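Working notes, structure below.
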Amino acid sequence: MIRPLTQLYSEAVGTLDQWTVSEIVTRDQIRQAVQLYDPYQLHTSYALEHLLIHELRQACHYVQEQGLTLADAQTELLILSAFQSDAGYQAEEIQDMSPTAIKRHLSSLDAAFNRLLHQLFLHQSQPDILCQRFMTILSGAVATKCAIRAKRLKEATLVHP
């Protein structure tokens, strides 16, 4: 099984210096990770976790460029909510949340992402369809979403200090 997103986020933040701008995730890398992964085996998750951490590092880099602190729970929620298939949380919503609400939402994101992975691999056996679904997460899409949301959160913070 893949570790929770919050744990992967902590690892990505701690190893942010290992991310390089030139490293691009390819469909072949995703296909290989998907084919190796078995949701019921811990040791098969390495390749997929590696791609998730890479995406998290890229997102952290973009968010940090906007001047947000990666250790802040609001920033963590902003980044991790981008992994959801729905719209995630907007900057204004995150800014209005209490610290307790943010913690609650972070733990629910872990559960929702785990459920998404489980459903994908349980109901889908065709690697092409799985690759297509993961391309919407792992090919820079989450990082781009995070960069836009970080800019909005920064602007909202400047307007409403």
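The values are calculated or read from the model by the stated rules, or taken from the named source; none is laboratory data. Everything numeric here is computed off the predicted structure, so don't read it as measured data. Every residue, glycine among them, receives a Cβ derived from its backbone with ideal geometry; neighbour counts consider all protein chains shown. Protein only, heavy atoms only, side chains kept; ligands, DNA and RNA dropped before computing areas. Shrake-Rupley method; radii C 1.70, N 1.55, O 1.52, S 1.80 Å.
Where in the chain are the DSSP H helices whose alpha-carbon span along the long axis reaches 20 Å or more and whose Kyte-Doolittle mean is at least -1.0? Counting only whole DSSP H runs, the qualifying helices are 46-65, 99-123, 141-159. Projecting the Cα atoms of Y89, T20, L120 onto the dipole axis of the chain, where Lys and Arg carry +1 and Asp and Glu carry -1 at the beta carbon, places L120 farthest toward the positive end.
Counting 0.36 nm for each residue step from S108 to M135 and taking away their Cα separation leaves a gain of 7.4 nm.
The residues of the chain expose on average 53 square angstrom of accessible surface per residue, using a 1.4 Å probe on protein heavy atoms. Rounded to the nearest 20 debye, the dipole magnitude of the chain is 180 debye, with +1 charges on Lys and Arg beta carbons, -1 on Asp and Glu beta carbons, and the Cα centre as origin. Given a 1.4 Å probe and the protein chains as shown, M1 ends up with an accessible area of around 100 Å². Pairwise Cα separations in the stretch 108-157 fall into 10 Å bins from 0 onward with the following percentages, short to long: 22, 37, 29, 11, 2. Shown here is the pair-distance distribution of the stretch 47-161: with all Cα-Cα distances grouped in 5 Å bins from zero up to the longest one, the shares run 2, 12, 21, 24, 19, 11, 6, 4, 1, 0 percent. Residues H61, H54, ordered by accessible area of protein heavy atoms at a 1.4 angstrom probe radius and largest first, appear as H61, H54.
Cα-based radius of gyration for the stretch 6-66, normalised by 2.2 N^0.38 Å, reads 1.18.
Out of I129, Y40, V63, whose Cα points farthest toward the positive end of the dipole of the stretch 40-145 (charges: +1 Lys, Arg; -1 Asp, Glu; placed on Cβ)? Of the options given, the answer is Y40. Surface composition of the stretch 6-161: carbon plus sulfur atoms hold 53% of the accessible area, using a 1.4 angstrom probe and ignoring ligands, DNA and RNA. Each helix, a run of at least 4 DSSP H residues, gives -39500 (n - 2.57); summed and divided by the residues of the chain, these come to -22000 deg cm²/dmol at 222 nm. Computed on the Cα trace of the stretch 46-106, the radius of gyration divided by the Kirkwood hydrodynamic radius gives Rg/Rh = 0.98. Each of Y46, Y9 has its accessible area taken with a 1.4 Å probe; listed largest first, they run Y46, Y9. For K154, the accessible area of its heavy atoms, probed at 1.4 Å with every protein chain present, is near 80 square angstrom.
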